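All remarks here apply to the structure that follows.
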Amino acid sequence: MRRSLYLFPAIFLALLWTFIFSIPTVTHALPKDTVNLTGVNSLLLLTDTISSVSIILGDNNVEKGLFLDGGGDVDTEVISIGSPATEARRTGNGQVLPSPDGNLIPDVFLQFRVTDNAMFAGTPPTRVRIEVEYFDQGTDTFSIQYDATSGGPYGNGTFKDTGSVTKSNSQQFQIAVFNVCDAYFANRDNGADFRIDDHSDGAEIIRQVTVTFLPSGPRVINVDSCGANPWDTSPDSDAIQACIDLACNGDTVVFSSGMNLPQYQGYRINKTIFLVATTSKSDLTFRSTDIANHALLQATNDLKGFVVHGIARSRVPNRGEVDNLTLSHLNIDGNRGSRVCYGPDNIGNGLGDNWGSWLPECTVTDDPWCSPGSVNMCGATDLQDPTQDYIGNPSAWSTGFAVDDVTITNTECGTALGFCGAAGTIKDSTINIAGDHVHVPACTQTDADEAMGAWSDGITFEGPGHAITNNIILDASDVGIVFFGGKDTIIANNTVQARPGNYGMFAGIAVHPWGFGDVSGVQIVNNQVINTGNSNCGGIHTGINIGTHMWGGGCVGSADQAAYGNPNLCTAEPPQPLGTTCIAGQPCQIWAHVAANKTFTLQDNDVTGAQVNYLIGGLDLVGTLVETGNTSTSPMMTDWQNDSNCTMGGETDTWTTIHKAAHHPSLAGWTNQRIHCER
């Protein structure tokens with residue numbers, strides 16, 4: 001339990017300070033553990049004169065309120081390195097180092113204690129900055145494990161991990177900065193407060209460590225204070241990231257508005273901005289200084305990957321501990337005219353294209369996490385849990401993410417807005433042009449520098465309990481709004497449109513539960529899908545599509561545990577699975593499942609001009625489908641003529657235009673048409 005700081009009369013505190021503790025300032029070396037404050041004494045922590053503690057490592061450590069431990073797995077060795085050579089200490093990298101007590105335990109850590117006089121049990125600050133001066137030798141990684149207020153592998157705050165630092169082998173001393181928002185430092189990590197973990201993938205050579213105690217929040221941090229400047233054309237990513245990394249729970253990071261002002265250039269994003277980049281944080285807001293006049297974040301020609309990512313997956317180990325991130329009142333431009341989805345080899349790999357990341361996020365070719373998209377607000381989801389119990393298992397889910405009044409333009413490919421987790425919201429936002437749908441060789445591409453296939457969703461999202469409302473998606477090229485599954489989600493009052501020209505989509509709104517198969521309680525209500533695209537070189541294939549069977553029959557080679565369908569089966573006429581879950585890692589024919597005594601609502605939508613205005617294919621309807629008030633107007637031909645070139649089981653289906661088509665299951669009043677091909 002966190003301890004309180006009692007209030008005493010000032011004169012009494014002064015006497016206690018002078019006559020009982022006699023604590024020196026950090027400009028002098030402190031005796032090791034001068035005062036071990038326990039019980040009532042812990043209430044008397046006074047840090048007005050202690051703003052930081054530090055240690056210089058060598059044969060004789062210079063300890064100023066920060067002390068190095070030895071023994072067990074934390075023995076180190078002194079070396080001399082650099083130019084000019086200087087003393088430092090090296091970790092064991094999983095090897096046994098000589099130690100005074102002669103122990104034979106493999107060593108992997110440098111372990112440190114902060115004097116209790118400076119901080120104990122989260123009092124007075126929980127915000128600290130840890131600076132580690134290390135010799136950049138090799139390309140291995142290291143991180144810090146620390147005594148936190150909560151979370152971590154044991155749930156009680158002990159041994160909580162920060163994000164990892166990946167070295168670049170520059171053969172020089174560098175400084176890694178870890179901004180910690182929830183430091184507790186009550187000597188609970190094997191008697192210490194934090195340790196550097198060398199991950200046994202290469203030894204770490206550390207010369208100095210400094211811990212600075214920061215004021216408590218919440219704070220408003222303007223990225224311009226770190227050197228970003230929206231009035232020039234210089235890259236701003238490093239400065240923006242530096243300010244974001246300073247943020248702690250409850251803080252707001254703001255970007256200077258100015259899109260309506262002359263000479264305003266916007267922020268030039270040359271490296272992906274990670275809203276949570278160093279360790280798990282929550283309750284953060286990112287917005288313009290003036291919500292009525294948005295700030296602009298614009299991708300540069302050389303940006304690899306997304307403009308904005310919610311979480312750095314290579315650095316933040318416990319993504320389920322990241323909740324309540326809000327991105328609002330901003331304009332984000334993906335620079336589609338200059339960035340490239342696929343290079344000459346037609347593979348997303350960073351060779352002649354903008355796939356990738358400045359962090360070691362991207363190791364698998366064509367990984368969509370690294371596509372040159374615009375915004376990816378993907379937090380943690382639990383694809384091993386078919387019940388989607390994010391309330392009962394909060395550490396496995398990110399909840400409360402929000403995108404509000406954000407305009408995303410000119411997305412290159414991948415997705416304009418990716419969104420994962422539970423109980424999140426996307427509202428009042430606009431997506432204008434994403435990817436290039438044109439895939440007929442005789443047709444003119446809408447993105448002149450791109451080969452066929454650089455498609456992009458408007459909104460790609462998954463997980464239970466979301467609300468996607470009052471958004472406008474214009475000229476997306478894959479699906480306007482695609483939902484990969486989850487219970488009790490609302491998609492309402494959105495407008496999806498393909499405008500005149502070679503613009504189109506495979507679907508306007510689609511429920512494709514590849515991941516979370518149970519879609520009980522989902523409501524698709526009062527949406528509008530409008531197609532005025534080219535009938536030969538674009539157009540919306542299907543206005544609203546429920547079920548995955550449009551996509552090659554919904555067959556996958558490796559299913560998630562949370563998916564529903566027919567395990568180890570792929571056929572044109574599969575049996576209804578009746579609530580059967582797929583087998584993780586095995587082939588499965590995916591269905592959207594509505595459980596007994598539950599409903600799926602498709603109500604009061606309006607679709608105009610798609611080739612098939614409404615399509616249901618692969619709905620495992622054990623419960624009830626509420627289908628009422630949906631209007632269908634003037635379906636028209638698009639560049640999706642039939643399913644030639646992708647037959648199933650030797651059977652080929654053909655169709656022209658259809659108001660409402662349903663197969664698996666067939667529905668009264670709907671055309672019973674099997675459609676197992678997206679192109």
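The values are calculated or read from the model by the stated rules, or taken from the named source; none is laboratory data. These figures come from a predicted structure and were not determined experimentally. As a convention, Cβ positions derive from the backbone with ideal geometry for all residues, glycine included, and neighbour counts pool all protein chains shown.
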### Query
With (1) polar (S, T, N, Q); (2) without any contact (Cβ under 8 Å) to a residue 60 or more places away in the chain; (3) not in a helix (DSSP H, G or I) as the list, and residue 187 as the residue in question, which single condition is left unmet?
(2)
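Table: residues versus (1) assigned to a strand (DSSP E or B); (2) under 24 Å from residue 75 (Cβ atoms); (3) of a type outside the set (Ser, Thr, Tyr).
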site: 142; (1), (2), (3): yes, yes, yes
site: 178; (1), (2), (3): yes, yes, yes
site: 196; (1), (2), (3): yes, yes, yes
site: 199; (1), (2), (3): no, yes, yes
site: 209; (1), (2), (3): yes, yes, yes
site: 224; (1), (2), (3): no, no, yes
site: 231; (1), (2), (3): no, no, yes
site: 240; (1), (2), (3): no, no, yes
### Query
From the list 648, 637, which residue is in the same structural domain as residue 492 (by TED's automatic domain parsing), at pLDDT below 95 and surrounded by fewer than 14 Cβ atoms within 10 Å (Cβ to Cβ)?
637
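Here's the yes/no breakdown for (1) of a type in the set (Val, Ile, Thr); (2) within 19 Å of residue 305 (Cβ to Cβ); (3) crowded, with 22+ Cβ neighbours inside 10 Å; (4) in contact with a Leu (Cβ under 8 Å, 6 or more places away or on another chain):
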residue: 240; (1), (2), (3), (4): yes, yes, yes, no
residue: 244; (1), (2), (3), (4): yes, yes, yes, yes
residue: 249; (1), (2), (3), (4): no, no, no, yes
residue: 255; (1), (2), (3), (4): no, no, yes, yes
residue: 261; (1), (2), (3), (4): no, no, no, no
residue: 264; (1), (2), (3), (4): no, no, no, yes
residue: 267; (1), (2), (3), (4): no, yes, yes, yes
residue: 271; (1), (2), (3), (4): no, yes, no, yes
residue: 275; (1), (2), (3), (4): no, yes, yes, yes
### Query
Which members of the stretch 438-485 meet the condition of being assigned to a loop (DSSP other than H, G, I, E, B) and among the hydroxyl-bearing types (Ser, Thr, Tyr)?
444, 446, 477
#### Entry: Output for the stretch 576-603, where each listed residue is small (Gly, Ala, Ser) and surrounded by fewer than 17 Cβ atoms within 10 Å (Cβ to Cβ)
584, 585, 596
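Any residue that is in contact with a strand residue (DSSP E or B) (Cβ under 9 Å, 6 or more places away or on another chain), polar (S, T, N, Q) and surrounded by fewer than 16 Cβ atoms within 10 Å (Cβ to Cβ) - is there at least one of those in the stretch 99-122?
No, the stretch 99-122 contains no residue that is in contact with a strand residue (DSSP E or B) (Cβ under 9 Å, 6 or more places away or on another chain), polar (S, T, N, Q) and surrounded by fewer than 16 Cβ atoms within 10 Å (Cβ to Cβ).
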### Message
Residues to consider are 400, 414, 421; find the one that is touching a residue at least 12 places away in the same chain (Cβ under 8 Å), closer than 30 Å to residue 594 by Cα, surrounded by fewer than 24 Cβ atoms within 10 Å (Cβ to Cβ) and within 15 Å of the chain's Cα centre (by Cα).
### Response
400
### Message
Let me confirm something: among 169, 179, 229, which residue is surrounded by fewer than 23 Cβ atoms within 10 Å (Cβ to Cβ) and under 25 Å from residue 85 (Cα atoms)?
### Response
169
### Given (1) part of a loop (DSSP other than H, G, I, E, B); (2) farther than 15 Å from residue 409 by Cβ; (3) not acidic (Asp, Glu), index of the condition residue 306 fails
(2)
#### Entry: Residue list for the stretch 257-298, filter: under 15 Å from the mean Cα position of the chain (by Cα), farther than 16 Å from residue 230 by Cβ and of a type outside the set (D, E, K, R)
272, 274, 275, 276, 277, 278, 279, 280, 282, 284, 285
### Message
When you check residue 279 against the structure, is it more than 24 Å from residue 412 (Cβ to Cβ) and out of contact with any helix residue (DSSP H, G or I) (no Cβ under 8 Å at 6 or more places or on another chain), yes or no?
### Response
yes
### Query
Do we find a residue being buried (at least 18 other Cβ atoms within 10 Å of the Cβ), within 23 Å of the chain's Cα centre (by Cα), of a type in the set (A, V, I, L, M) and within 22 Å of residue 56 (Cβ to Cβ) anywhere in the stretch 125-147?
yes
### Message
With the requirement that a residue be over 26 Å from residue 391 (Cβ atoms) and assigned to a strand (DSSP E or B), what does the stretch 486-522 give you?
### Response
495, 496, 497, 498, 504, 505, 506, 507, 508, 509, 510
### Message
I need a count of the residues in the stretch 651-667 that are over 21 Å from residue 539 (Cα atoms) and either surrounded by 16 or more Cβ atoms within 10 Å (Cβ to Cβ) or in contact with a His (Cβ under 6 Å, 6 or more places away or on another chain) (or both).
### Response
4
### Message
With the structure loaded, tell me whether residue 360 is outside the structural domain of residue 594 (by TED's automatic domain parsing), closer than 29 Å to residue 486 by Cα and surrounded by fewer than 23 Cβ atoms within 10 Å (Cβ to Cβ) or whether it fails that test.
### Response
no
### Message
Taking the conditions exactly as written (β-branched (Val, Ile, Thr), in the same structural domain as residue 664 (by TED's automatic domain parsing) and more than 26 Å from the chain's Cα centre (by Cα)), does residue 511 satisfy them or not?
### Response
no
## Note on the structure
residue 495 fails exactly one of (1) β-branched (Val, Ile, Thr); (2) surrounded by fewer than 24 Cβ atoms within 10 Å (Cβ to Cβ); (3) not assigned by TED's automatic domain parsing to the domain that holds residue 533, namely (3)
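One line per residue, one yes/no per condition, for (1) closer than 29 Å to residue 433 by Cα; (2) out of contact with any Cys (no Cβ under 6 Å at 6 or more places or on another chain); (3) free of Cβ contacts under 8 Å to residues at least 24 places away in the same chain:
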site	(1), (2), (3)
516	yes, yes, no
523	yes, yes, no
528	yes, yes, no
537	yes, no, no
547	yes, yes, no
578	no, yes, no
#### Entry: Which listed residue, of 301, 346, 331, 335, is in contact (Cβ under 8 Å) with a residue 12 or more places away in the chain, in a strand (DSSP E or B) and either over 14 Å from the mean Cα position of the chain (by Cα) or surrounded by fewer than 24 Cβ atoms within 10 Å (Cβ to Cβ) (or both)
331
### Query
Is it true that some residue in the stretch 391-400 is closer than 23 Å to residue 523 by Cβ, outside any loop (DSSP other than H, G, I, E, B) and of a type in the set (S, T, N, Q)?
yes
### Query
Would it be correct to say that residue 408 is out of contact with any helix residue (DSSP H, G or I) (no Cβ under 6 Å at 6 or more places or on another chain) and free of Cβ contacts under 8 Å to residues at least 40 places away in the same chain?
no
#### Entry: All positions within the stretch 401-437 that are part of a strand (DSSP E or B), within 25 Å of residue 249 (Cβ to Cβ) and either modelled with pLDDT under 95 or not hydrophobic (A, V, I, L, M, F, W, C) (or both)
404, 405, 418, 425, 427
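Table: residues versus (1) free of Cβ contacts under 8 Å to residues at least 60 places away in the same chain; (2) under 18 Å from residue 516 (Cβ atoms); (3) in contact with a strand residue (DSSP E or B) (Cβ under 7 Å, 6 or more places away or on another chain).
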residue	(1), (2), (3)
589	yes, yes, yes
597	yes, no, no
603	no, no, yes
609	no, no, yes
612	no, no, yes
617	no, no, yes
624	yes, no, yes
634	yes, no, yes
637	no, no, no
